[in-house]
Amino acid sequence: MKKGVAIRVAGLTLALVFFMGVGLVSAAEYCPDNFIFLLDQSGSMYMHYGKPPAHVKMAPDRLKVAIAKRVLSGINDQVPANNYKGTNFTSALELLAPVQEISRPGLYDRAAMAKALKSIKDDQEIFGRETPLGPGIISMDPVLAKMSGNTAVILVSDGEANLGTDPETDARAIYSKYPNACIHIVSVADTQDKKGKLILNAIHQMKPCSVMAEATTLDTDRAALDKFVRDVFCTQKKEAPPKEEVLILRGIHFDFDKYNIKPEWRAVLDEGAQILAKRPNVKITIEGHCDGIGTIPYNQTLSERRARAVFDYFSAKGISSSRMDTVGYGKMKPKATNDTEDGRAINRRVELKVMP
């Protein structure tokens, strides 16, 4: 099977899964029964975050690992005592590069987890301690095997990987064996860790349940930390229901420089029209998007035409035009890299924002 065909088939499957009501493409819909803190303790994590001027003495509290420990401690302070079902979490604290078990899987105890986090070394050798990030992710295998239900893995790392197997491949292997797992990312990558940023973002993009945040933001912004905990642990389930939900039609893609709906996507839109017909009070905004090739004005017009094409299709299926608005975002909101053909294909898409 050609690569392009494979991508289209995969997209069709995902779209049908969404429309059949298996679950919304939203981090808030993934609620964990268990969680694992997975902290990178490689040499680069014991380096200073950012590059200070030569005359500035490096402060210990600006080491990447110091920032990481503060963030994990802050998350631990906010983790709900029980999961969204009202039962106890199973939790663990694991280190990678090298692999080390600090707190083995067991019933979550906030005070015990705080003590375990405090025990992580504040200072270690830097040189000669490379980063086998991929094997570190694979080390989650026996830990995940001890947990049932949904397990949130909160990976805190700068993404540097210079030893062992490919981290992205190993993350996919974990997802393949443990489909109920979800890897959330707390990035300690700074401007010098360009490769690390790409690796962490690639892992984040693998599954829609994944939440990603910058460690320095969580370290200094309490509201951002609170939101991260809510998004990961579904504590919003105990609050007022959200006023809107975002549903992504991942299967609706377009050829380069085109806005016509190809025959292979009509079954997907037909299924969507049927769902909307059963929910007559729902209003939707149809959002069109483009890849990064071309000028901003040209892509703006193209994205609007893509959105309008879906609008017209739903109208022809009996969905009232008063329930639908369209908007084009051009190339301003990519979902994947525009540096590859596959990434650009993903970005040529339509999304639906649904207001209940």
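Since every read-out is calculated from the coordinates, none of them should be taken as a lab result. Since the structure is predicted, the reported quantities are computational estimates derived from the model, not experimental observations. Neighbour counts run over all protein chains shown; Cβ positions are idealised from the backbone, glycine included.
Assorted remarks:
- In this rough spin-label picture, where each label sits 7 Å from Cα along the Cβ direction, the residue 353-residue 100 distance is 4.6 nm.
- For the pair residue 198 and residue 332, label points projected 7 Å from Cα toward Cβ lie 2.7 nm apart.
- Extension gain, residue 109 to residue 206: 0.36 nm times the residue separation minus the Cα-Cα distance gives 31.9 nm.
- Beyond 23 Å in Cα-Cα separation lie the following of the pairs 333/353; 85/146; 121/194; 207/227: 121/194.
- Loop-located trypsin sites (Lys or Arg not before Pro) in segment 108-215 whose Cβ has at most 12 other Cβ within 10 Å (DSSP): 121
- Cα centroids of segment 138-170 and segment 312-356: 33 Å apart.
- Summed residue charge, Cβ within 12 Å of residue 194's Cβ, Lys/Arg positive, Asp/Glu negative: -2
- Proxy reagent accessibility, fewest Cβ within 10 Å first, across 65, 327, 188: 327, 65, 188
- Taking 0.36 nm per residue of separation and subtracting the current Cα-Cα distance, fully stretching the chain between residue 163 and residue 84 would add 24.6 nm.
- FRET efficiency for residue 224 and residue 258, using Cβ-Cβ distance with R0 set to 56 Å, rounded to 0.05: 0.90
- Packing-based ranking, highest mean first, of 216-225, 88-97 given that Cβ atoms within 10 Å are counted: 88-97, 216-225
- The order of the peptides 132-139, 311-318, 148-155 by mean Cβ neighbours within 10 Å, most packed first, is 132-139, 148-155, 311-318.
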